[in-house]
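First comes the structure, then the notes that go with it.
Taken together, the values in this text are just the output of simple stated rules run on the coordinates, not laboratory data. Given the structure is predicted, the values throughout are model-derived calculations rather than measurements. Backbone-built Cβ (ideal geometry, glycine too); neighbour counts: all protein chains shown.
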Amino acid sequence: METQPSQKPGESGYRPVSGLAVASLVAGVASALALVSPFFWVLPLFGLVIAVAGLVDTKREAAPKAGRFAAIAGLALSVGFGTQAVSYRAARGWIDRSRAEAVAEAWVAAVREGRLDDARSMCGPGGLPPARSMEPFGGPRGGDEEAAVSPEEAFAAMPAVAALAACGEGPPATLRLVSAGDTALPRWELEATAACGAGESAAVRIAVARDDSGAAITVDRWLVIGHELID
């Protein structure tokens with residue numbers, strides 16, 4: 001009775017699929033979440049490591065496995081999504097900083113030039129005086145002879161606004177970034193120093209943020225949401 005010679009591994013027959021290769025493909029697809037939040041940036045890194053391990057696993061001569069193309073696809077997806085996520089975040093940060101600086105500079109210029117209506121239109125709720133600051137002295141039940149302060153007067157009396165308005169027109173204010181916004185806190189803070197002449201200057205801290213009021217806005221609008229005079 002003749003016996004069939006045993007087949008050497010890899011010559012023919014079924015080859016098991018590499019679990020690492022399949023896992024790398026899954027991780028590569030999941031790496032798309034890195035475009036949503038930096039919290040998921042670990043996924044492309046994990047996918048990259050698993051993909052390399054999957055490629056090594058499929059090239060072992062002693063026990064060859066199928067799944068090389070899955071590992072290559074997982075590697076490509078992880079690298080692609082990871083690179084795109086980092087590039088988008090860097091570009092978005094640069095754009096947001098430019099917008100924040102432009103809004104802060106325009107607001108300071110409007111106040112210094114006496115265009116307070118324009119400056120008020122650039123402000124969100126935090127950049128405008130509270131409603132009670134526009135009530136008559138003594139509260140809402142003051143005498144008839146006490147007139148309520150107008151919104152324009154209340155805005156002009158805010159310390160940062162009053163200091164910049166008193167400074168008057170002049171060279172553009174010098175801006176310095178204090179804190180950059182991010183996903184958790186989309187608020188940019190800058191310090192603006194305006195030269196007032198005779199060696200005097202006015203320094204204010206300005207908080208700027210994107211308008212996320214929920215209204216149908218067709219442009220990327222930014223607002224001054226806070227300002228204070230720096231002593």
For the range 19-91, state what percent of all Cα-Cα pairs lands in each successive 10 Å bin, counting from 0 Å until the bin that includes the largest distance. 26, 45, 21, 7, 1
Across the range 163-170, in residue order, what do the Karplus-derived ³J(HN,Hα) couplings come to in whole Hz, using 6.51 cos²θ - 1.76 cosθ + 1.60 with θ = phi - 60° and x for Gly and Pro? 5, 5, 5, 5, 5, x, 5, x
When the chain is fully extended, how far beyond the present Cα-Cα distance does THR174 get from LYS59, taking 0.36 nm per residue of separation? 35.4 nm
Note: TRP94 to SER150 extended length (0.36 nm per residue) minus current alpha-carbon separation gives 16.3 nm
Compute the signed sum of charges (Lys and Arg +1, Asp and Glu -1) over the other residues within less than 15 Å, Cβ to Cβ, of VAL22. +2
